[in-house]
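Encoded as structure tokens, the structure appears first; notes follow it.
What follows draws every value from the coordinates through simple rules; no lab data is involved. This is a predicted model, so every value here is computed, not measured. Here Cβ is always computed from backbone atoms with ideal geometry, including for glycine, and neighbour counts include all displayed protein chains.
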Amino acid sequence: GTAPDALAPLIDAISQRLSIADQVAQSKWGTHAAVEDVKREQAVLNAVSAQASRFKLDPDGVKSFFSAQIEANKIVQYGLLWQWVEAGKAPSGASPDLKNIRIQLDQLQDVLLENLAGFGSYRSDARCNQWVASAIAQAPLDDLHRWALVRATGGLCAVKPE
Ligand SMILES: C=C(O[C@@H]1C=C(C(=O)O)C=C[C@H]1O)C(=O)O
């Protein structure tokens, strides 16, 4: 069946956050910084859970959704950095400043929360997984970003309680 209109903008916002991972990887290639920054992850999770109520979302649910976004972001970074090590070079161009990239990531938070809230009632629909699966299949992404999108949307549909 056709997915509800609320899904496409959510998938777009998720994909947009994942595309920023390319800039993060380029920055970390330049500075030799580690992909994972646990302190920053904690700050992101604290910030989003504090915003949850503004969107009538559950703070723990929002945290777990953003944990998935963070894990997916690292998949893209590790994948690109591996490709660049293999190739012996990263794409040319100046290494962007991680501070500015994080501002971009922060600016996407409300967009993600708003669209997560908009999709809220569909998360427990029996067709949710099929809608998400076909949205992933249709997204104009390379394999690495598509697999990252799989990770990012992994908790989107509610599972049956045990
Ligand atoms: C994006 C970054 O890389 C990783 C992913 C994060 C994220 O998706 O928000 C946060 C910290 C890092 O573990 C970053 O360092 O800002």
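General observations
- Take 124-131, 88-95, 75-82, 60-67 and order them by the average number of nearby Cβ atoms within 10 Å per residue, most first; the result is 75-82, 60-67, 124-131, 88-95.
- Mean residue ellipticity at 222 nm, helices only, the chain: -23500 deg cm²/dmol; runs of at least 4 DSSP H residues each add -39,500 (n - 2.57), and the sum is divided by the number of residues.
- Estimated from the Cβ-Cβ distance and a Förster radius of 35 angstrom, the FRET efficiency linking Asp125 and Trp84 is about 0.30.
- Gyration tensor (alpha-carbon) shape descriptor, region 1-152, a/c threshold 1.5: oblate
- Placing a pseudo-label 7 Å from each Cα along the Cα-to-Cβ vector at Glu162 and Ser134 gives an inter-label distance of 3.3 nm.
- A Förster radius of 30 Å, combined with the Cβ-Cβ distance separating Ala43 from Asp12, puts the computed FRET efficiency at roughly 0.75.
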